[in-house]
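Please read the structure below before turning to the comments.
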There are 2 protein chains.
Amino acid sequence: MFKTSYDSYLQIVEQYIKDMPWTEDLMSKSMYYSLFAGGKRIRPVLALATAECVGGNIQDVLPAAVALELIHTYSLIHDDLPAMDNDDYRRGKLTNHKVFGEGYAILAGDGLLTYAFELLSSRMSFPAELQLRVLHEVAVAAGRLGMVGGQVLDLDGEGKDLTLSEIEDINRKKTGALLQVSVRLGAILGGGREDQIETLTRYAQALGLAFQIKDDILDIEGDSQILGKPVGSDQKNAKATYPFLMGLEKARECLHAQTSKALEALECFGERGRFLAQLAEYMKNRQH
Amino acid sequence: MFKTSYDSYLQIVEQYIKDMPWTEDLMSKSMYYSLFAGGKRIRPVLALATAECVGGNIQDVLPAAVALELIHTYSLIHDDLPAMDNDDYRRGKLTNHKVFGEGYAILAGDGLLTYAFELLSSRMSFPAELQLRVLHEVAVAAGRLGMVGGQVLDLDGEGKDLTLSEIEDINRKKTGALLQVSVRLGAILGGGREDQIETLTRYAQALGLAFQIKDDILDIEGDSQILGKPVGSDQKNAKATYPFLMGLEKARECLHAQTSKALEALECFGERGRFLAQLAEYMKNRQH
């Protein structure tokens with residue numbers, strides 16, 4: 001069952017995070033608060049599942065997979081700040097700066113980002129060259145050419161009429177890059193061949209795009225209670241979305257097409273690719 | 001001449017930073033602005049000089065040395081934010097958020113921190129194990145156990161009466177950790193033996209402490225124009241300083257003692273340690 005498999009990956013990830021050396025200071029509490037604010041752990045789950053897909057060992061990949069969750073969490077904390085999206089709630093819970101104040105929220109984000117690289121460079125069972133390659137890819141995906149760059153474009157674009165290609169560029173950087181590197185991290189550390197890594201990268205690209213389109217569709221259709229944020233909050237910020245730009249029907253078609261593309265990429269993995277395929281289907285059909 | 005040597009290290013560092021792939025967007029401009037806001041490049045200079053002290057090649061160490069400057073610069077940008085120290089000026093120039101706004105300042109900091117790890121994980125001429133070891137040490141020094149941890153303690157301590165040992169803990173983390181790892185990075189990548197790395201670490205610890213004490217003394221004695229910030233601004237923020245806690249005379253003695261300790265550690269390097277020794281002397285006598 002997909003749900004059971006997902007939960008077992010998720011529990012491994014959450015147990016690892018819980019077992020990290022947290023202390024009683026505000027900094028630790030602030031980081032921990034956001035790490036356990038209802039995230040779905042998609043990035044580390046993708047990394048672990050991809051590693052298994054190419055025959056790798058989950059426990060070996062786990063610290064690196066968790067690093068992705070730390071990076072994702074830091075980006076949400078900074079993104080929610082008053083100077084950025086100014087959100088008081090995320091997933092129905094108060095955002096970090098509403099609980100700990102802006103100063104600690106900025107530092108918690110900085111601390112989580114740095115902690116991620118601490119984990120990625122910790123002693124692992126892989127050859128150092130492989131570990132360094134993965135770390136470099138993560139840094140690029142998280143930085144000015146990837147996620148941070150996407151946040152900047154997002155901030156630039158507020159209140160402006162963006163074109164479809166501008167939106168695609170924002171999404172590719174802001175959310176796509178980290179999702180893609182999650183899959184690549186699993187594929188590389190899992191011991192995948194170069195052609196497998198490339199194939200799984202195509203899966204990740206299609207999945208990332210589908211994920212974003214679905215998010216946008218849910219933002220229009222979704223139920224406020226399920227989503228945990230006010231419906232249409234992206235529109236309130238005058239940010240362009242796929243349904244807004246191409247129409248809801250076209251956006252749904254695009255979601256289907258990208259999901260099919262993701263599934264096609266997995267065909268060569270047969271049974272081993274089953275969970276990743278189910279994940280793509282689940283992403284398409286999810287209600288939150 | 002010390003000044004000539006310092007400037008030649010500094011120019012190598014600044015040329016490398018200028019040659020990085022900057023673009024015309026606000027993000028690049030914001031990062032570049034703070035990178036060229038009058039920094040003394042102490043951390044990369046320390047790394048390069050230490051590498052030479054143990055017989056290493058400067059050009060090989062340069063990208064990693066520059067990463068230290070990116071990390072230092074990000075920490076200043078975030079530290080100056082309204083939610084933190086709320087400083088409008090640094091070294092006589094407007095702080096990043098006063099020029100680009102808070103949103104871009106937060107993202108410029110995030111971008112610089114991530115860029116540092118991109119540089120540290122880029123292809124170098126060293127064995128991957130060595131590079132990974134250095135990267136891990138930098139991540140620890142910059143993170144919750146080091147610099148970010150120090151910022152948190154600093155924020156915690158605002159308006160409180162701190163003890164000398166609390167102040168020492170803050171300084172060791174907030175500024176000492178990154179200075180220390182700058183020296184260690186140079187020593188490790190420069191090909192130093194383990195005993196040399198340890199000896200140079202002792203130099204770095206004494207230098208870092210002397211650096212902080214001198215800063216505190218200058219803050220009381222200094223001329224506002226030379227320092228580029230209002231004299232006594234640390235006192236204004238009710239932060240404890242060495243002269244405040246131990247008296248000005250005792251603080252001066254302590255500065256001398258730490259400088260001597262730094263010089264002693266260098267004795268075994270003979271002529272090769274000359275620049276690092278001159279640097280310690282210069283730190284002690286500087287007027288800004």
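Looking only at the range A:211-266, count how many residues are at pLDDT 95 or above, surrounded by fewer than 18 Cβ atoms within 10 Å (Cβ to Cβ) and of a type in the set (G, A, S).
Residues that pass the stated criteria total 2.
Run B:K18 past the list (1) more than 13 Å from chain A (Cβ to nearest Cβ); (2) within 19 Å of the chain's Cα centre (by Cα); (3) surrounded by fewer than 21 Cβ atoms within 10 Å (Cβ to Cβ) and report the number of the one that doesn't hold.
Unmet for B:K18, out of (1) more than 13 Å from chain A (Cβ to nearest Cβ); (2) within 19 Å of the chain's Cα centre (by Cα); (3) surrounded by fewer than 21 Cβ atoms within 10 Å (Cβ to Cβ): (2).
What do you reckon, is B:S75 at the interface with chain A (Cβ under 10 Å from one of its Cβ atoms) and surrounded by fewer than 19 Cβ atoms within 10 Å (Cβ to Cβ)? Give the steps one after another, and end with the answer.
Numbers: at the interface with chain A (Cβ under 10 Å from one of its Cβ atoms): yes; surrounded by fewer than 19 Cβ atoms within 10 Å (Cβ to Cβ): no.
Criteria not met by B:S75.
What is the residue count in the range A:32-41 for residues that are surrounded by 15 or more Cβ atoms within 10 Å (Cβ to Cβ), within 16 Å of A:A108 (Cβ to Cβ) and at pLDDT 95 or above?
Adding up the residues that qualify gives 5.
What do you reckon, is B:A83 within 18 Å of the chain's Cα centre (by Cα), within 10 Å of another protein chain (Cβ to nearest Cβ) and more than 22 Å from A:G150 (Cβ to Cβ)? Give the steps one after another, and end with the answer.
Numbers: within 18 Å of the chain's Cα centre (by Cα): no; within 10 Å of another protein chain (Cβ to nearest Cβ): yes; more than 22 Å from A:G150 (Cβ to Cβ): yes.
Criteria not met by B:A83.
Restricting attention to the range A:86-97, report how many residues are away from chain B (no Cβ under 13 Å), closer than 26 Å to B:D154 by Cβ and either surrounded by 19 or more Cβ atoms within 10 Å (Cβ to Cβ) or not aliphatic (A, V, I, L, M) (or both).
Residues flagged as away from chain B (no Cβ under 13 Å), closer than 26 Å to B:D154 by Cβ and either surrounded by 19 or more Cβ atoms within 10 Å (Cβ to Cβ) or not aliphatic (A, V, I, L, M) (or both) within the range A:86-97 amount to 1.
Output the number of residues of the range B:129-142 satisfying the condition of being within 19 Å of B:V66 (Cβ to Cβ) and either within 7 Å of chain A (Cβ to nearest Cβ) or free of Cβ contacts under 8 Å to residues at least 12 places away in the same chain (or both). Spell out how you get there, then give the answer.
As a first pass, look at the range B:129-142 and keep what is within 19 Å of B:V66 (Cβ to Cβ): B:130-139, B:141-142.
Now drop any that are not either within 7 Å of chain A (Cβ to nearest Cβ) or free of Cβ contacts under 8 Å to residues at least 12 places away in the same chain (or both), which leaves B:131-132, B:135-136, B:139, B:142.
Total meeting the criteria: 6.
Inspect all residues belonging to the range A:37-53 and state whether any of them is within 14 Å of chain B (Cβ to nearest Cβ), within 30 Å of A:E194 (Cβ to Cβ) and in contact with a Phe, Trp or Tyr (Cβ under 7 Å, 6 or more places away or on another chain).
no
Any residue that is under 30 Å from B:S125 (Cβ atoms) and crowded, with 22+ Cβ neighbours inside 10 Å - is there at least one of those in the range B:154-174?
No, there is no match, as no residue in the range B:154-174 is under 30 Å from B:S125 (Cβ atoms) and crowded, with 22+ Cβ neighbours inside 10 Å.
Of the numbered conditions (1) outside any helix (DSSP H, G or I); (2) within 20 Å of the chain's Cα centre (by Cα); (3) among the aromatic types (F, W, Y), B:F126 satisfies every one except a single condition; which is it?
It is condition (2) that B:F126 fails.
For A:L107, state whether it is in contact (Cβ under 8 Å) with a residue 24 or more places away in the chain, under 17 Å from the mean Cα position of the chain (by Cα) and facing chain B (nearest Cβ under 7 Å). First the steps, then the outcome.
Working: in contact (Cβ under 8 Å) with a residue 24 or more places away in the chain: yes; under 17 Å from the mean Cα position of the chain (by Cα): no; facing chain B (nearest Cβ under 7 Å): yes.
It is false that A:L107 is in contact (Cβ under 8 Å) with a residue 24 or more places away in the chain, under 17 Å from the mean Cα position of the chain (by Cα) and facing chain B (nearest Cβ under 7 Å).
Please count how many residues of the range B:1-57 are among the polar types (S, T, N, Q) and touching a Leu at 6+ places or on another chain (Cβ under 8 Å).
Matching residues across the range B:1-57 total 3.
Matching residues to (1) in contact (Cβ under 8 Å) with a residue 60 or more places away in the chain; (2) not β-branched (V, I, T):
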| position | (1), (2) |
| --- | --- |
| B:F36 | no, yes |
| B:E52 | yes, yes |
| B:I71 | yes, no |
| B:D79 | yes, yes |
| B:M84 | yes, yes |
| B:D88 | no, yes |
| B:E102 | no, yes |
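What is the residue count in the range B:21-31 for residues that are surrounded by fewer than 18 Cβ atoms within 10 Å (Cβ to Cβ) and closer than 20 Å to B:G92 by Cβ?
The number of residues fulfilling the criteria is 1.
Can B:T114 be described as closer than 23 Å to A:I106 by Cα, part of a helix (DSSP H, G or I) and more than 7 Å from chain A (Cβ to nearest Cβ)?
Answer is no for this residue.
Would you call A:G146 among the small types (G, A, S) and either more than 10 Å from chain B (Cβ to nearest Cβ) or surrounded by fewer than 21 Cβ atoms within 10 Å (Cβ to Cβ) (or both)?
No; evaluated as a whole, the condition is false for this residue.
The values are calculated or read from the model by the stated rules, or taken from the named source; none is laboratory data. What you see is a predicted model, and the numbers here were worked out from it, not measured in a lab. Cβ: placed from backbone, ideal geometry, glycine included. Neighbour counts: every protein chain shown.
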